[in-house]
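Trainee: Following this message is one structure expressed as C-alpha cells.
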Amino acid sequence: LINVCILGNGTVGSGVVELLNKNRENIRKRTGEDVRIAKILVRDINKHFREKYFHLITNDISEIWNMDVDIVVEAMGGLYPAYDYIKGFLQKSKHVITANKDVIAKYGDELSKVADRHGVCLKYDASVAGGIPILKPLQDCLAGNEIKCFYAILNGTTNFILSKMYNEDMKYEKALEIAQEIGFAEANPDSDVLGYDSARKLAILSSISYDSRVFWDKLYTEGITEIDEIDIAFAKKIGCNIKLLALSAKEEEGIYGAVRPAFVPFKGKLGMVSDEFNGILLEGDAVGQVFFYGKGAGKLPTASAVIGDIFDVIENKKMRSVSRAENEAQIITKWQKNSDWFIRVECDEVERVIDFIKAKFGNITAIYPDKAIGGIVAFILEVENEIILDIILENLQGISGVKKIKKTIIIDL
Ligand SMILES: NC(=O)c1ccc[n+]([C@@H]2O[C@H](COP(=O)([O-])OP(=O)(O)OC[C@H]3O[C@@H](n4cnc5c(N)ncnc54)[C@H](OP(=O)(O)O)[C@@H]3O)[C@@H](O)[C@H]2O)c1
C-alpha cells in the first residue's frame, strides 16, 4: 500500500485527488500497488467542507509530519513554507513530487542533493509546461542528445493575452482584464506579464539540458507590457505573429538565456501556438528538431503530470535532477546567432532616419514607413549577433529627433 499526502487542495491538488481516484485500478494493474490518499493539507479548512473527501483534509502540518506516508505531493505554491516542507519530507526519506516552479528554479539543485542523500526521489514534471511531458523526455528518451537550443512558449497567460491582441485587435489592458476574469491571469499578473514565470521554467529546462546550474534571475527577461497595436500591425504586415519566447542556446562562451517578445512566422510551429497553449521546440544534435505542444496549465493537465511522476516513483525510476553539477553556468544575455531583427524607431523626422539607415546599412531587407503611423519608421535588419545590433542602435539613437528605439528578434521557425 502506497500512502500519498497532498499539500494543497486548490486547482492542482484537487485535480490530483480526482485523477488518483480515477486511476487507482490502473495503477494497481501496472505496478501491483494500491494507492491511498492519506491526508490533504490546506490553509483554511472552512473553504473545503463541501468536498466528498473532507474527512481527509487538515490544516495542521504536524498531522502529516507524523504519519506513515510514502509520497508527498506539494501543490501549495509559493516559496515558503513549500521549500521547508519539501526539504523536511525529503530529510524524513519521503519521496516528494511538486508542481512548484518557484521552489525548483531557486532550490532545485539543493533539494535534489537532499533527495540523493536520503535515497528518495524529488520529481517536478508538472512545474514546467503543466500537462506537456517535457522534463521526462529530456531526461530519458532524449538522453543520447546534446541539447543545442530551445525556442519555447512556456506561459499560457501571456500567450492568451497576445492571442487576443493579435486575433481580435484588442489592447493589452483589455486582454489582461479578460484573462483575469476567466481565471487565466492572477489579480497581480506581474510574474506572468513581466516574463518571470517563463524565466523560472526556462531555468529548470536549461539546468537539466546543459547539466549546469542556471538561475532564472541571471537571464535576460522582458515581458509583454510594452507590446502595442503598432507592433501587432507591423507583425501582421510581414506575415508574423508575436509571442513571448523563452530562448536558450548552448554557445561556446556559455548558455544564452532570455525571455523576450519575438516575431515568429504566422504559419510556423510557434506562430500557431495560440490562446493558453504552450509549445516547446528543441534541437538535439542527434535527433534534430522536436516539437512539444499542449496545455501548459489547468487542473487535469497539471495533475496528469503529477500522476505520471507518481507512477515513476512507484516503479522506482530515477531521473537526472535539476542539476547535480557543482558548476554554475556562464549566462550570456545577448543573442549570439545571425538573425533578422525588427527595429521600430519613434522620431520627429522620419525622412532623416530613413536617409541615415539607407546610407549606413547595405543589408536592410525592408523598410516600412507608414503614413498612417506618424513619426514611426520600422525596418528589418540582419545582423551577426545582438552585440553588433546594439552598437548600430546606439548610433541611430544619436540622430537628433530620435525618441525611442525598440528591437524585436525574428525567429524564423
Ligand atoms: N494552476 C495551474 O494550472 C498550475 C500549473 C502548473 C503548475 N502549477 C503550480 O502548482 C502549485 C499550486 O497551484 P494551484 O493553482 O493549484 O494553487 P491554488 O489553486 O491557489 O491552491 C493552493 C492550495 O494550497 C493551499 N495552501 C497554500 N498555502 C498553504 C499553506 N501555507 N499551508 C497549507 N496550505 C496552503 C491552499 O489552501 P486553501 O485552499 O485553504 O487556501 C490551496 O488549497 C503552484 O506552485 C503552481 O505554480 C499550477
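Trainee: Would you confirm whether any residue within segment 14-36 is assigned to a loop (DSSP other than H, G, I, E, B), aliphatic (A, V, I, L, M) and either in contact with a strand residue (DSSP E or B) (Cβ under 9 Å, 6 or more places away or on another chain) or within 9 Å of the ligand (Cβ to nearest atom) (or both)?
Mentor: No - not one qualifying residue is present in segment 14-36.
Trainee: Now for a separate question. Glu63 fails exactly one of the following numbered conditions: (1) acidic (Asp, Glu); (2) at pLDDT below 95; (3) not in a loop (DSSP other than H, G, I, E, B). What is the number of that condition?
Mentor: (2)
Trainee: Consider segment 337-367. How many of its residues are in a loop (DSSP other than H, G, I, E, B) and open to solvent by 50 Å² or more (accessible area, probe 1.4 Å)? Lay out the reasoning, then the answer.
Mentor: So the first thing to find is which residues in segment 337-367 are in a loop (DSSP other than H, G, I, E, B), and the list is 337-338, 348-349, 361-363.
If we keep only those that are open to solvent by 50 Å² or more (accessible area, probe 1.4 Å) as well, we get 337-338, 348-349, 362-363.
Matching residues across segment 337-367 total 6.
Trainee: Surrounded by 17 or more Cβ atoms within 10 Å (Cβ to Cβ), under 17 Å from the mean Cα position of the chain (by Cα) and within 16 Å of the ligand (Cβ to nearest atom) - does that describe any residue in segment 262-271?
Mentor: No, segment 262-271 contains no residue that is surrounded by 17 or more Cβ atoms within 10 Å (Cβ to Cβ), under 17 Å from the mean Cα position of the chain (by Cα) and within 16 Å of the ligand (Cβ to nearest atom).
Trainee: Based on this model, can you work out whether Ala105 counts as more than 25 Å from Lys299 (Cβ to Cβ), of a type in the set (A, V, I, L, M, F, W, C) and in a helix (DSSP H, G or I)?
Mentor: Numbers: more than 25 Å from Lys299 (Cβ to Cβ): no; of a type in the set (A, V, I, L, M, F, W, C): yes; in a helix (DSSP H, G or I): yes.
No, not satisfied.
Trainee: Can you pull out the residues in segment 41-62 that are open to solvent by 80 Å² or more (accessible area, probe 1.4 Å), of a type in the set (D, E, K, R) and either closer than 12 Å to Tyr85 by Cβ or more than 9 Å from the ligand (Cβ to nearest atom) (or both)?
Mentor: Arg50, Lys52
Trainee: Do we find that Glu51 is acidic (Asp, Glu), over 30 Å from Gly195 (Cβ atoms) and at pLDDT 95 or above in this structure?
Mentor: Details: acidic (Asp, Glu): yes; over 30 Å from Gly195 (Cβ atoms): yes; at pLDDT 95 or above: yes.
When the stated conditions are applied, Glu51 passes them.
Trainee: Can you tell me which of (1) outside any helix (DSSP H, G or I); (2) within 16 Å of the ligand (Cβ to nearest atom) is the one Ser93 doesn't meet?
Mentor: (2)
Trainee: Counting only residues that are open to solvent by 30 Å² or more (accessible area, probe 1.4 Å) and within 14 Å of the ligand (Cβ to nearest atom), how many does segment 276-297 have?
Mentor: Number of matching residues: 4.
Trainee: Out of the residues in segment 70-85 that are open to solvent by less than 30 Å² (accessible area, probe 1.4 Å) and out of contact with any Phe, Trp or Tyr (no Cβ under 8 Å at 6 or more places or on another chain), which is farthest from the ligand (Cβ to nearest atom)?
Mentor: Filtering segment 70-85 for residues that are open to solvent by less than 30 Å² (accessible area, probe 1.4 Å) and out of contact with any Phe, Trp or Tyr (no Cβ under 8 Å at 6 or more places or on another chain), the one farthest from the ligand (Cβ to nearest atom) comes out as Ile71.
Trainee: Sticking with this structure for a sec: Go over the candidates Ala129, Ala99, Ala105 one by one and state the one that is within 11 Å of the ligand (Cβ to nearest atom), of a type outside the set (S, T, N, Q), buried (at least 24 other Cβ atoms within 10 Å of the Cβ) and at positive phi.
Mentor: After ruling out the rest, the residue left standing is Ala129.
Trainee: Among the listed residues Asp109, Asp68, Asp84, Asp34, which satisfies the condition of being under 30 Å from Asn327 (Cα atoms) and at pLDDT below 95?
Mentor: Asp109
Trainee: Please pick out the residue among Tyr151, Tyr124 that is over 30 Å from Tyr172 (Cβ atoms) and either in contact with a strand residue (DSSP E or B) (Cβ under 8 Å, 6 or more places away or on another chain) or of a type in the set (Val, Ile, Thr) (or both).
Mentor: When all the criteria are applied, what remains is Tyr124.
Residues checked against (1) polar (S, T, N, Q); (2) buried (at least 16 other Cβ atoms within 10 Å of the Cβ); (3) within 20 Å of Val313 (Cα to Cα); (4) more than 20 Å from the chain's Cα centre (by Cα):
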residue	(1), (2), (3), (4)
Leu111	no, yes, yes, yes
Ala143	no, no, yes, yes
Ile147	no, yes, no, no
Ile161	no, yes, no, no
Met170	no, yes, no, yes
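Trainee: Right, another one. Keeping to segment 186-202, report how many residues are more than 18 Å from Gly257 (Cα to Cα) and either under 8 Å from the mean Cα position of the chain (by Cα) or not in a helix (DSSP H, G or I) (or both).
Mentor: Adding up the residues that qualify gives 4.
The values are calculated or read from the model by the stated rules, or taken from the named source; none is laboratory data. Since the structure is predicted, the reported quantities are computational estimates derived from the model, not experimental observations. Note that we place each Cβ from the backbone using ideal geometry, even for glycine, and neighbour counts take in every protein chain shown. The protein model used for the area step is the full one, side chains on, heavy atoms only, and it has no ligands, DNA or RNA in it. Shrake-Rupley method; radii C 1.70, N 1.55, O 1.52, S 1.80 Å.
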